[in-house]
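First up is the structure itself, then whatever we jot down about it.
The values are calculated or read from the model by the stated rules, or taken from the named source; none is laboratory data. Just so we're clear, the structure is a prediction, and the values are computed from it rather than from any experiment. As a convention, Cβ positions derive from the backbone with ideal geometry for all residues, glycine included, and neighbour counts pool all protein chains shown. With ligands, DNA and RNA removed, areas are computed over all heavy atoms of the protein, side chains included. Shrake-Rupley method; radii C 1.70, N 1.55, O 1.52, S 1.80 Å.
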Amino acid sequence: MRNPLSDLIVQIPPSGIRKFFDIVSEMEGAISLGVGEPDFDTPWHIRDEGIHSLKKGRTFYTSNAGLKELKIEICRYLERRFHVNYDYTDEVMVTVGGSEAIDIALRAMLNPGDEVLIPQPSYVSYVPCTVLAGGVPVEVQLEEKDRFRLTKDKLLEKITPKTKILILPFPNNPTGSIMEEEDLREIAKIVEEKDLFVISDEIYCELTYKGKHNTIAALPGMKERTVLINGFSKSYAMTGWRLGYACAPAVILKQMLKIHQYAIMCAPTTSQYAAIEALRNGDEDVERMRGAYDERRRFLVKALRDMGFDCYEPQGAFYVFPSIKRFGMSSDAFALKLLEEEKVAVVPGTAFGDCGEGYLRISYAYSLKDLKRALERIERFLKKLDAKE
Ligand SMILES: Cc1ncc(COP(=O)(O)O)c(C=O)c1O
């Protein structure tokens, strides 16, 4: 029998995050601080709208781009929160999570050999989706000394005549870094000069703890060069509803919609009705959850620093990214030893790109009680390490 598989997919490694969680799920008494998923339930008024839509028999496909009412609410939300205006008729589509939007944006825009600049450490899907779309991923290393922001110099260093797209992954998973308006202005200037496009993954936009989130799409000249990606998973604790969206210039969106039409048809109907409610009446929930994450963020950073970790203070998302360089172990070895000896699961920084070596990602989408229990174990682990030195 000949090889049934595509060479392209075979060479793509599975996500480094999952490896640990397969071990954790089998380990009794383990505490996981690994998963990037809110620990809150979806607020009841949002769930009720989903249930209500089912009771009403709204169990059919919607139009490919999504319900009109939802697209209108998305536009209202983006205008009201981030001062960027989109036309719901041809610049907005509803997707199966931000995940689908990332994939189809790359597929709609890349020709074979086009280069995609991917700031790293960052979310695990950008590189494989670029490769699957025929593009060439080019890493742009984010560094702690720059507060893990993308700087002008770092960007200019990696631009070649083949560069087509810059991915902007802020607020960032795993570092928790954000880009302020001045940072974005510098990047926007280069994007325009070098005639690039931006895929801006703003899935953590509501989880910004100092100041407010800024989108590059709101800067002059940028809307026509940007695919803005967002979703409901993180802001409204709706990961399982699988709902996101993309906003883009009509010429790009039209092609993205074709891929979506043939591969997906439409995003889940029940989830779309629930999402309308989230956007109309969910601000207080977002604020409440943000407040809880912020409390945990401050608690965790302080506790880790008190224990002796060098720990950058994250400004967004729900992760901290402490350095473990002083312990003389690789991220993988440290995370595995911590899991084996103290049954605490965290993610090695290398799961988010090679430049994550020397760091761990710890999620604080867990209750303070769980965080405290895990920290006691981490402290014991460090004491054992120090005693061995
Ligand atoms: C930075 C980032 N983008 C996109 C996603 C995808 O989220 P979803 O497909 O649930 O919207 C995630 C999920 O963890 C993420 O961390």
| query | Among (1) among the polar types (S, T, N, Q); (2) within 27 Å of V320 (Cβ to Cβ); (3) assigned to a loop (DSSP other than H, G, I, E, B), which single condition is T89 missing? | reply | (2)
| Among all residue pairs at least 6 apart or on different chains, which show Cβ distances below 7 Å where the first residue, located in region 66-82, is of a type outside the set (A, V, I, L, M) and the second is part of a helix (DSSP H, G or I) and open to solvent by less than 20 Å² (accessible area, probe 1.4 Å)? | G66/Q272; E69/I276; E73/I276; E73/L279; Y77/L279
| said: Can you find a residue that is open to solvent by 10 Å² or more (accessible area, probe 1.4 Å), among the acidic types (D, E) and touching a Lys or Arg at 6+ places or on another chain (Cβ under 7 Å) anywhere in region 139-155? | reply: no
| task | Considering each residue of region 221-259, count those that are over 20 Å from R47 (Cα atoms) and of a type in the set (S, T, Y), and give that number. | result | 1
| Among the residues of region 163-213, which ones are within 16 Å of F321 (Cβ to Cβ), within 11 Å of the chain's Cα centre (by Cα) and among the β-branched types (V, I, T)? | T175
| So which residues in region 16-39 are open to solvent by 50 Å² or more (accessible area, probe 1.4 Å), under 21 Å from R290 (Cβ atoms) and more than 13 Å from the ligand (Cβ to nearest atom)? | D39
| field | Checking T350 against (1) in contact (Cβ under 8 Å) with a residue 40 or more places away in the chain; (2) open to solvent by less than 40 Å² (accessible area, probe 1.4 Å); (3) under 21 Å from the mean Cα position of the chain (by Cα), the condition it does not meet | value | (2)
| Going through region 221-234 one residue at a time, which ones are under 18 Å from Y123 (Cβ atoms), more than 10 Å from the ligand (Cβ to nearest atom) and hydrophobic (A, V, I, L, M, F, W, C)? | V227, L228
| field | Selection from region 141-181 of residues that are out of contact with any Gly (no Cβ under 9 Å at 6 or more places or on another chain), in a strand (DSSP E or B) and within 16 Å of the ligand (Cβ to nearest atom) | value | L166, I167, L168
| query | What tally of residues in region 238-253 results from selecting those that are touching a helix residue (DSSP H, G or I) at 6+ places or on another chain (Cβ under 8 Å) and open to solvent by less than 10 Å² (accessible area, probe 1.4 Å)? | reply | 7
| query | In region 67-97, how many residues are open to solvent by 10 Å² or more (accessible area, probe 1.4 Å) and either over 21 Å from H213 (Cβ atoms) or not aromatic (F, W, Y) (or both)? | reply | 19
| Of all residues in region 95-132, how many are within 18 Å of T163 (Cα to Cα), part of a loop (DSSP other than H, G, I, E, B) and either within 16 Å of the ligand (Cβ to nearest atom) or of a type in the set (D, E, K, R) (or both)? | 1
| message | Would you confirm, using the coordinates I've provided, whether Y359 is surrounded by 14 or more Cβ atoms within 10 Å (Cβ to Cβ), of a type outside the set (K, R) and touching a Leu at 6+ places or on another chain (Cβ under 8 Å)? | response | no
| Do you know which residues across region 276-295 are under 20 Å from the mean Cα position of the chain (by Cα), farther than 13 Å from F40 by Cα and of a type outside the set (D, E, K, R)? | A278, L279
| field | Selection within region 189-220 - crowded, with 22+ Cβ neighbours inside 10 Å, touching a Leu at 6+ places or on another chain (Cβ under 7 Å) and in a loop (DSSP other than H, G, I, E, B) | value | E202, N214, T215
| Among the candidates A218, A237, A188, which residue alone is closer than 24 Å to L70 by Cβ, more than 16 Å from the ligand (Cβ to nearest atom) and in the same structural domain as M256 (by TED's automatic domain parsing)? | A218
| said: Which of the numbered conditions does L184 fail, given that it passes all the others? Conditions: (1) touching a Gly at 6+ places or on another chain (Cβ under 9 Å); (2) buried (at least 24 other Cβ atoms within 10 Å of the Cβ); (3) farther than 26 Å from I12 by Cα. | reply: (1)
